[in-house]
Amino acid sequence: MRIAVASGKGGTGKTTIATSLTLSLVVYGEVHYVDCDVEAPNGHIFLKPQITHQSNAVIRIPVINKDVCSLCGRCVEVCQFHALAKIGKMIMTFPQLCHGCGSCTINCPEHAITELANPIGVIESGITAQGLFFSQGRLNISEPMATPIIRQLKRTISVNDSIVVLDAPPGASCSVVETLRSVDFVLLVAEPTPFGVHDLKQMIGIVTEMGIPAGVIINREKTSFSPLEDLCSDFHVPILMHIPFDRRIAAGLAEGQTLIEINPDYSQRLQDVYHHISSIIASK
């Protein structure tokens, strides 16, 4: 089962939930935590893995042989990202816009395009003291796009992993959508504030469009907040857990502790969330 943990913005407690959920599920088999927030990965702070493997993440940039190119413009036509342009008697490449999809290379009738591997970051993997498999990507500073490294990061997932928890980037950008592709369930973390309602509505729209079942965890809850609960009710998205606004939790997180370390009761509570997710998926 693949579960993505996402939120409409940063700072809602997404990584708090993702890391603690992963730890609580060790009893069910091979569990793999994948930190897809490649611009600012921080799951390692809580899970403290021993990194055993590191490799470059690359994007393949087209290089055009001007002696062979006929200036037909086919590569420009097929590029969805406008990374190529025909200007006068030359084809210009804009590497910052290139997604490395290879469409230009495949469609060039003159075979005038080769691809140069451009490193954009690193992919690291290892294991934690609890026996969790751990993977994360780190995008190089100044690189404009996270989606290529997320695609490569997801290749570290093995068919032997019985449970995979993907910690999505914050927001609702292309990198979030890329993380959600091919998952079985999306666990949305929301704050009980007007801003939290706005962000959750945006995320519900995305998972609905992608056809992925979802549930909500409300974090930092002082009292019942009806606008958030009404939104979940209106879109038939179940609320799976409430986490209170608690100074002890905040202090523990600041010290790099997981919810389970702060309060062991959360292990059973998160296992209950997992069983609820399993029943939702089974009913689809």
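The values are calculated or read from the model by the stated rules, or taken from the named source; none is laboratory data. Predicted model only: the values in this text are computed from it and were never measured. As a convention, Cβ positions derive from the backbone with ideal geometry for all residues, glycine included, and neighbour counts pool all protein chains shown.
Worth pointing out:
- Qualifying residue in segment 90-104 (condition: within 30 Å of Ser24 (Cβ to Cβ) and under 23 Å from the mean Cα position of the chain (by Cα)): no
- Flag if Gly73 is in contact with a Lys or Arg (Cβ under 7 Å, 6 or more places away or on another chain), in contact (Cβ under 8 Å) with a residue 60 or more places away in the chain and small (Gly, Ala, Ser): no
- Residue tally, condition among the acidic types (Asp, Glu) and modelled with pLDDT of 90 or more, over segment 147-180: 2
- Members of segment 56-87 found to be among the polar types (S, T, N, Q) and surrounded by 12 or more Cβ atoms within 10 Å (Cβ to Cβ), listed by number: Asn56, Asn65
- Among the conditions (1) in contact with a Leu (Cβ under 9 Å, 6 or more places away or on another chain); (2) modelled with pLDDT under 95, the only one that Pro62 does not satisfy is (2).
- Subset of segment 115-159 [of a type in the set (Asp, Glu) and either in contact with a His (Cβ under 9 Å, 6 or more places away or on another chain) or closer than 25 Å to Tyr28 by Cβ (or both)]: Glu124
- Pairs with Cβ under 6 Å, 6+ apart, first in segment 116-144 and aliphatic (A, V, I, L, M), second crowded, with 20+ Cβ neighbours inside 10 Å and part of a loop (DSSP other than H, G, I, E, B): Leu139/Val38; Leu139/Ala146
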